[in-house]
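Take a look at the structure below.
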Amino acid sequence: MEEKNKKLTYEELSKAASDLHVQYQKLVAEYQRAMEALRNKDFDYTSFFLSMLFKVMEHPEMYSDDFVSWTSKHIEDALYSFDRAMTQEQSEEKTDEAE
């Protein structure tokens, strides 16, 4: 029967540490990708939400008038909001270039 607490040689410890470091680097990269995905979540949600709103408008006869009005209002609000954000971003870029 082998001893469960076998002492490792320097080379074995060095290899284990190296393996752990590689795993750590992979986890850091995965964590960074996950954080970036979360930052982009708002855009993904907005994109999905808008696409569903437009699908409702493709067949408004399938929905109540109140829901179609609500959908139309949210499409308008989202597009106005997007336009304001893009206009502000372009304005900030021009200000940065002028400095």
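Remarks
- Put in line by how crowded their Cβ is, counting other Cβ atoms within 10 Å and starting with the fewest, Val22, Val68 read Val22, Val68.
- In order through the stretch 45-59: 3J(HN,Hα) via Karplus (6.51 cos²θ - 1.76 cosθ + 1.60), integer Hz, x for Gly, Pro: 5, 4, 4, 4, 4, 5, 5, 5, 4, 5, 5, 4, 5, 5, 9
- Sorted peptide list for 56-63, 7-14, criterion being average Cβ within 10 angstrom, highest first: 56-63, 7-14
- Within the straight-line cut-off of under 22 Å between alpha carbons, the lysines reachable from Lys4 are Lys15, sequence neighbours fewer than 8 places apart in one chain being disregarded.
- Charge dipole magnitude, Cβ of K and R +1, D and E -1 - the chain, Cα centre, debye nearest 20: 740 debye
- Along principal axes, Cα extents of the stretch 7-99, largest first, whole Å: 76, 48, 15
None of the figures in this text is laboratory data; all of them are computed from the coordinates on show. Since the structure is predicted, the reported quantities are computational estimates derived from the model, not experimental observations. No Cβ is skipped: glycine too gets one built from the backbone with ideal geometry, and neighbour counts run over all protein chains shown.
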